[in-house]
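Working notes for the structure below.
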Amino acid sequence: PVSSAQIMHECLSQGQMKVSCLSEGGDSPQYSWTLDGHILRESELFSRNNDANVIVLRQNISGRLVCSARNQVSSFFKEIQISTCGELEDDEYISTI
């Protein structure tokens, strides 16, 4: 099972925010992201890597960001509240498929 995940973020020079979601355990998890309950829109997303566990948000994006790491056995969600280049709080929970 996917046992946990961490979200790390950093500000980039152009005011964008790079966000990484790293999971532990589990086999080849698939990653997805939501912001304030909706799937990230292209207008909010500047770029992402092939595995989609590293994204770059456009300038001035804020709200409740959730990373989901999922495989055949379980899924793990990690939430953070982001403001412009800031983190206010985080939450995490596991659900079994």
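What the chain shows is 57 Å² of accessible area per residue, with the surface traced by a 1.4 Å probe over protein heavy atoms. The gain in end-to-end length when the Ser47 to Ser32 segment is fully stretched comes to 4.0 nm, 0.36 nm per residue minus the alpha carbon separation.
Per-residue surface analysis assigns Ser83 an accessible area of about 40 Å², computed on protein heavy atoms at 1.4 Å probe radius.
Restricting the calculation to Cα atoms, the range 1-45 yields a radius of gyration followed by a Dmax of 12.8, 37 Å.
The label point for Arg58 and the one for Ser20, both projected 7 Å from the Cα toward the Cβ, are 2.6 nm apart. Based on the Kirkwood approach, the hydrodynamic radius assigned to the chain is 13.4 Å, with every pair of different Cα atoms included.
The values are calculated or read from the model by the stated rules, or taken from the named source; none is laboratory data. Quick caveat: nothing in here was measured; it's all calculated off a predicted structure. For neighbour counting, all protein chains shown are included, and Cβ atoms are generated from backbone atoms with ideal geometry for every residue, glycine included. With ligands, DNA and RNA removed, areas are computed over all heavy atoms of the protein, side chains included. Shrake-Rupley method; radii C 1.70, N 1.55, O 1.52, S 1.80 Å.
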